[in-house]
Each structure stands twice: as C-alpha cells, then as structure tokens.
Amino acid sequence: MTCDNPIMRFAILEDSRSQALLLKAMVEELGHEGEIFPTAKSFREGLGVAHDFDLLLMDWILPDGSGDELLTWVRDRFGWSLPIIFVTARVAESDVAAMLRLGADDYVCKPIRYLELGARIEALIRRRAVAEGRSTVGKLVQGNIVLDPAARSATVDGAPVALTAKEFELALLLIRNLGTLFNRQTLLDKIWAVEATVDTRTVDTHISRVRRKLSLEPSHGWLLSTIYGHGYRLELAVA
C-alpha cells in the first residue's frame, strides 16, 4: 500500500509486542512513522512529553488501564481534532457504541485485517484533511471564540482549547443562543438527555469549566451570569 499524504506520526498503543510490530510495519508501509507504547502509563507519558502525534491507534484492553479511561483522557487533554482508531477484540455492540460516544473516530476488530485497517486510516486522513482545509463556513464565530461543530474543536483568541464532549455541546448551545436564559433542567434535557442519573450539580460543574476554559469573563468580552433560582445566561459584555 502507498499513501500520497504527508508523513504523519502515529502513536500505537498495543501491549502485544508481535501485534504492535505488525501495526508499526503497516503504518510505515503507508508511508508514515509509528511509535509503540506497550502500556497505558507509557502512552500517557509519551503523549504528554511529545504531543505532536497525528493519529492514535489504541487497544481497548491493557494490563494497566482501559480504553475508555484513556480515550476520555486524550479528549480532555488534546481536544477532538486528534484522530483515534481503536484496534480491539471488544466487538459487542455496547462496547462499540461506548467507543464512538466517548470520542473514537473509528474501530477495527481483532484479528486485524490489515488491508481494511489501512483503508480506514487513509479514509480518516482524507476526511481530516478536508476538514482542516475548509473555510470558516459551518463554524460558529462569536467575539474571540470560534467553535467548529464538525471538528468538535474550539479556539479562543486563535489558540486551541480542549473541551470534553459535554463541555463543547454546552458552549455551543450557550453561544448559539446569546441572551437566552437557560434553567438547569433545560440544560440537562438538551445536553444529557439520555443520562437519567445526572443531576443539576453536573450542570454547575460544567458551566464552571466552560467559563474557565473559554475565559468567559468581562475582561475578555463576555458575561456569563448566574441568575439565582433560574439558571444561566451568556451575553457579550458591553464595552
């Protein structure tokens, strides 16, 4: 297989040495570079020190961690623009749904069919290239904040900001509806619709995180008001 895309760096999280080497060989055959991480610990450390990987190939079952924990960690730390493919023996419908809901872009079942995995990697690279090359059409631009629903990415003053899935949805809802007063129950219904166990304190926690991460303060041109007994309202601050 060959690939006409620029050389990319892949992080390969796989505890089986033989399988990791096969994945690395496949990545190199596609014309890219691969670095192997055999444990969740080494993976966290590797991404934390050299966080310039272009795509992650991740196993779900590891000797010192689980795929759901690591996926959540990656999305919290690096945002939603980093492509992730799971290579896993977990093929139950509930497991696949969990991977995708937590932020995986794709998955391939073990035993690995390498032609299929290579094709999925190339397809994901093409989709990302198209997304990165498009104009601001489809993006929400308000004040110093840009939210891109397709890429699930956010920037403040041009600098990328990592938001979790729920934080992004909450920010998108508030910025799309400036001046609208949302009570906590409405926010729960809109953002956490299918999660019956979530309570209103979760809304308060997420509001606090979005406020901090996006600098929603008057000094940055924003006013996020807490209306006692009612909820929250986001507005552009009056100069």
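Readers should treat all values here as calculations from the given coordinates under stated rules, not as data from a laboratory. Predicted model, so just to flag it, every value in this text is computed and none were measured. So basically every Cβ, Gly included, is an ideal-geometry build from the backbone, and we count neighbours across all protein chains shown.
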**Request:** Report the extension gain between A98 and S219 in nm, rounded to one decimal, defined as 0.36 nm multiplied by the number of residues separating them, less their alpha carbon distance.
**Result:** 39.6 nm
**Message:** Between [x] 37, 20, 15; [y] 33, 21, 16; [z] 26, 22, 18, which entry matches semi-axes √(5λ) of the Cα gyration tensor in Å as derived from the coordinates of this structure?
**Reply:** [x]
**Prompt:** If the cut-off is a Cα-Cα distance under 30 Å, which lysines reach K190, setting aside same-chain residues fewer than 8 apart in sequence?
**Reply:** K139, K166, K213
**Message:** Tell me which of L62, I121, F37 sits at the most positive position along the dipole axis of the range 9-133, charges placed on C-beta atoms (Lys, Arg +1; Asp, Glu -1).
**Reply:** I121
**Fill in**
Quick note on L62, L181, ordering by fewest other C-beta atoms within 10 Å, gives L181, L62
**Request:** Report the label-to-label distance for I227 and E33 in nanometres (one decimal), using points 7 Å from each Cα along the Cα→Cβ vector.
**Result:** 5.4
**Complete:** Kirkwood Rh over alpha-carbon pairs of the range 9-133 plugged into Stokes-Einstein at 10 °C, 1.306 mPa s gives a D in µm²/s of 110
**Asked** Hey, what number do you get for the chain at 222 nm if only DSSP H runs of n ≥ 4 count, each worth -39500 (n - 2.57), divided across all residues, to the nearest 500?
**Response** -13000 deg cm²/dmol
**Complete:** So, with points 7 Å from each Cα along the Cβ direction, the L181-D157 label distance in nm works out to 3.2
**Request:** Compute the distance in nm between two label points, each set 7 Å from the Cα along the Cα-to-Cβ direction, one at R113 and one at L173.
**Result:** 4.0
**Asked** Can you give the charge dipole size of the chain about its Cα centre, rounded to the nearest 20 debye, using +1 on the beta carbon of Lys and Arg and -1 on the beta carbon of Asp and Glu?
**Response** 660
**Request:** Would you work out which of A162, L178, G143 lies farthest towards the positive end of the dipole of the range 135-188? Charges go on Cβ: Lys and Arg +1, Asp and Glu -1.
**Result:** L178
**Item:** Compactness relative to 2.2 N^0.38 Å, alpha carbon Rg of the range 140-236
**Value:** 1.02
**Prompt:** Hey, what angle do you get for helix 93-102 against the long axis of the chain, alpha-carbon based, 0 to 90 degrees rounded to 10?
**Reply:** 60
**Prompt:** Taking the Cβ-Cβ separation of K190 and A123 as r and a Förster radius of 30 Å, what is the calculated FRET efficiency to the nearest 0.05?
**Reply:** 0.40
**Complete:** For the range 140-236, the dipole about the Cα centre with charges only on Cβ (Lys and Arg +1, Asp and Glu -1), to the nearest 20 debye, works out at 80
**Request:** Normalising by the residue count of the chain, find the relative contact order in percent from Cα pairs under 8 Å and 6+ residues apart.
**Result:** 13
**Message:** Just to confirm the number: angle between the C-alpha axis of helix 40-49 and the first principal axis of the chain, 0 to 90 degrees, nearest 10?
**Reply:** 70
